[in-house]
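Here's the structure we're looking at; comments come further down.
The values are calculated or read from the model by the stated rules, or taken from the named source; none is laboratory data. In this text, all values refer to a predicted model and were calculated from it rather than measured experimentally. Positions of Cβ are generated from backbone atoms using ideal geometry, with glycine treated the same way; all protein chains shown enter the neighbour counts.
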Amino acid sequence: MGCHNLCPHRPRILREMNDHMAVEHPQLPLGIGLKDTATFDNFYPAGNELVLQALKKGSDRMLYLWGSVGTGKSHLLQALCHATAANGHSPVYLPLQELVSLSPALLEGLEQQALIAVDDIQAVAGLSQWEEGLFHLYNRVRDSGHRLVVSASASPAGLALALPDLVSRLGWGPVFQLAALTDLDKRAALQLRAHRRGLEMEDEVAEYLLRRCPRDMDSLFNLLNRLDQASLAAQRRLTIPFVRQLLD
């Protein structure tokens, strides 16, 4: 992380300035570490190959991704930010669940970034100022020739947005519904993530975790973090007895 917080090529989110600085500087870039594990290589694409291809190809300047919790929406948006920064361009990542309490004025000027990744747009559905801000952002990004990728928990028509024009903007580009992973896919995804960490996870260990633990991928990956640390500290392989001891 040798890059300074104001480095234009580092993925970032925006936060509001303190009140006494708000007039002169309405926005402040805040360097924030995206998840290092949120890469395209770390994404198990079963059923979502076309989405992954469209994101990597980059020919569609507007994309909309939607799906249930755990389908990898945030992972893909952050992976796209990492890839954009690695190519020498400036992305901005906006997790609206975290930013909804701030002013939508933070959207102003974002069209200057090569990529704007807006995560969890459902968080601002029904909030008129946010909806208007996103509507105008779409228009400005289209004029700028840059790229805007949005994620949500539902299709554009299913978001209960109050602004019909924003619904139409959300469908300007391809709309992809992310497929949920089957249990077999979850096992493979968990093993892939473990392998990327230098861990070897046998089938029976992965199946044991799926039987004993919450089955959403966020919980499973968080558990994998714990297992990785414990395995390193104890200098032990991931076996069912070792995993059982940690879970108990």
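Filter segment 86-99 down to residues that are among the small types (Gly, Ala, Ser) and not in a helix (DSSP H, G or I) and give me whichever is nearest to residue 41 (Cα to Cα). Give the derivation first.
To start, the set of residues in segment 86-99 that are among the small types (Gly, Ala, Ser) comprises 86, 88, 90.
Among the residues that remain, those that are also not in a helix (DSSP H, G or I) are: 88, 90.
Details: 88: 19, 90: 21 Å.
Filtering segment 86-99 for residues that are among the small types (Gly, Ala, Ser) and not in a helix (DSSP H, G or I), the one nearest to residue 41 (Cα to Cα) comes out as 88.
Taking the conditions (1) within 30 Å of residue 150 (Cβ to Cβ); (2) of a type in the set (Gly, Ala, Ser); (3) at pLDDT 95 or above in turn, residue 219 satisfies each one other than (3). Put simply, of 154, 160 the only residue that is hydrophobic (A, V, I, L, M, F, W, C), on the phi > 0 side of the Ramachandran plot and surrounded by fewer than 19 Cβ atoms within 10 Å (Cβ to Cβ) is 160.
Please enumerate the residues belonging to segment 189-238 that are over 19 Å from the mean Cα position of the chain (by Cα), surrounded by fewer than 15 Cβ atoms within 10 Å (Cβ to Cβ) and polar (S, T, N, Q). 229, 235 - these are the residues of segment 189-238 that are over 19 Å from the mean Cα position of the chain (by Cα), surrounded by fewer than 15 Cβ atoms within 10 Å (Cβ to Cβ) and polar (S, T, N, Q). Please verify whether segment 61-76 includes one or more residues that are in contact with a Pro (Cβ under 7 Å, 6 or more places away or on another chain) and surrounded by fewer than 17 Cβ atoms within 10 Å (Cβ to Cβ). No, that holds for no residue.
What helices (runs of 4 or more DSSP H) completely inside segment 100-219 contain at least 2 residues that are touching a residue at least 60 places away in the same chain (Cβ under 8 Å) and of a type in the set (A, V, I, L, M, F, W, C)? Spell out how you get there, then give the answer.
Details: elements: 128-144, 164-170, 183-196, 203-212.
Helices (runs of 4 or more DSSP H) meeting the threshold: 183-196.
Only one residue in 145, 171 is more than 16 Å from residue 73 (Cβ to Cβ), surrounded by fewer than 18 Cβ atoms within 10 Å (Cβ to Cβ) and touching a Pro at 6+ places or on another chain (Cβ under 7 Å), so which one is that? Explain how you work it out, then say what you get.
Values: 145 fails: touching a Pro at 6+ places or on another chain (Cβ under 7 Å).
Step by step, each of 145, 171 is checked, and only 171 is more than 16 Å from residue 73 (Cβ to Cβ), surrounded by fewer than 18 Cβ atoms within 10 Å (Cβ to Cβ) and touching a Pro at 6+ places or on another chain (Cβ under 7 Å).
Within segment 34-73, the set of residues being of a type in the set (D, E, K, R) and touching a Gly at 6+ places or on another chain (Cβ under 7 Å) comprises 60, 61, 73.
Restricting attention to segment 19-56, the residues being over 14 Å from the mean Cα position of the chain (by Cα), modelled with pLDDT of 95 or more and within 25 Å of residue 142 (Cα to Cα) number 4.
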